[in-house]
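Chemist: What follows is a structure written as structure tokens; I'll ask about it next.
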Ligand SMILES: [Cu+2]
């Protein structure tokens, strides 16, 4: 038993350094197209750092279990029961409680406040979900079904609703997602940072993120980020074409 502490400790240290280095130097997150995406990604990376030593401990114990305790054909008994180790239990409880409360506050409450704490917006766009399409209502009352056009560098509030079942309004490039619930209006905010289309980035799209029926996977719609002037031209043109 005692001879296991040093190798497990060293393995733990090694895995921790490896996982933190991977988090820091391997870009696993897609491109950010909104201010909200920066907040969400920072929270994601912070949780990866905090999770690294925890996962490293699991990997260290498993690795040592495979290498250090490899079967030599002899029958082995289980190790001594650890249930009365007060110091270990107390330390574990204090550390995990502190971590849980810490992430609840930041990035939890702090991040949510950054994304949707301030209720101001430059434009309000209505999003109505239905099996299996999205209907958009622009500030001038015009509607569209084929794509979502939003102005860059403007804060947009989306008033999300559903006419039938649960859906979820998700724009991966903006990292925002909110449920569309029949009878319960929900809201989400985005501030796009650059102009672009779904040809530039496949994540620049609205995608349903709540299994809503046979057409769920196809319940997607391209997002086009344009300048403020182009946005206003576009929504005016929707009225003229009818
Ligand atoms: Cu759906």
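Chemist: Enter the Cα centre distance for the pair the range 58-112 and the range 151-207, rounded to the nearest angstrom.
Modeler: If you average the Cα positions of each part, the centres end up 39 Å apart.
Chemist: Output the antiparallel fraction of DSSP beta bridges having both residues in the chain, as a percent to the nearest 5.
Modeler: In the chain, DSSP labels about 70 percent of beta bridges as antiparallel.
Chemist: For the range 72-148, what is the convex hull volume of the alpha-carbon atoms per residue, in Å³?
Modeler: It is 272 Å³ per residue.
Chemist: Quick one: of the DSSP bridges fully inside the range 123-240, what percent are antiparallel, nearest 5?
Modeler: 70 percent
Chemist: Also: In nm, what is the difference between 0.36 nm times the number of residues separating residue 121 and residue 202 and their Cα-Cα distance?
Modeler: Going from the current span to full extension adds 26.5 nm.
Chemist: If you don't mind, another one. Beta carbons within 10 angstrom, averaged per residue: use that to sort the peptides 14-22, 190-198, highest first.
Modeler: My ranking of the peptides, most packed first, is 190-198, 14-22.
Chemist: What FRET efficiency, computed as 1/(1 + (r/R0)^6) with R0 = 51 Å and r the Cβ-Cβ distance, is obtained for residue 195 and residue 104, rounded to the nearest 0.05?
Modeler: The calculated FRET efficiency here is 0.90.
Chemist: Evaluate the Kirkwood expression for the hydrodynamic radius of the chain, namely the inverse of the mean inverse distance over all pairs of different C-alpha atoms, and round to one decimal in Å.
Modeler: This gives a value of 21.6 Å.
Chemist: Let me ask something else about it. Under 10 Å, Cα contacts only: if you run a Gaussian network model on the chain, which one of 107, 151, 53 comes out with the highest mean-square fluctuation?
Modeler: 53
Chemist: Treating the angle as unsigned and between 0 and 90°, give the value, to the nearest 10°, between the Cα long axis of helix 5-25 and the longest Cα principal axis of the chain.
Modeler: Roughly 20 degrees, rounded to the nearest 10.
Chemist: Another question, then. Angle check, please: helix 228-240 long axis (alpha carbons) against the longest principal axis of the chain (alpha carbons), in degrees 0 to 90, nearest 10.
Modeler: On a 0 to 90 degree scale, this one is about 50.
Chemist: Would you mind estimating how fast the range 150-237 diffuses translationally, via Stokes-Einstein at 20 °C and 1.002 mPa s with the Kirkwood radius over Cα pairs, in µm²/s?
Modeler: Using the Kirkwood radius from Cα pairs, D works out to 156 µm²/s.
Chemist: Follow-up. Could you check which residue among 111, 68, 51 shows the biggest mean-square fluctuation in a GNM of the chain with a 10 Å Cα cutoff?
Modeler: 68
Chemist: Can you tell me the length gained on complete extension of the stretch residue 135 to residue 232, counting 0.36 nm per residue apart and subtracting the Cα distance?
Modeler: Going from the current span to full extension adds 33.1 nm.
Chemist: If the chain between residue 91 and residue 5 were fully stretched, how many nm would it gain, using 0.36 nm times the residue separation less the Cα-Cα distance?
Modeler: 29.3 nm
Chemist: Next question. Put one equal scatterer on each alpha carbon of the range 34-128, apply the Debye formula with no solvent term, and list log10 I(q)/I(0) at q = 0.11 1/Å to two decimals.
Modeler: Log-scaled intensity ratios, in q order: -0.61.
Chemist: Something else: Could you work out how far helix 35-67 tilts from the main Cα principal axis of the chain, as a 0 to 90 degree angle to the nearest 10?
Modeler: 20 degrees
Chemist: Right, something else. With viscosity set to 0.692 mPa s and temperature to 37 °C, compute the Stokes-Einstein D of the range 187-233, Rh being the Kirkwood radius across alpha carbon pairs; µm²/s, no decimals.
Modeler: 265 µm²/s
Here, each number is a calculation from the coordinates, and none is a lab measurement. As the structure is a prediction and not an experimental result, all values here were calculated from the model. Here Cβ is always computed from backbone atoms with ideal geometry, including for glycine, and neighbour counts include all displayed protein chains.
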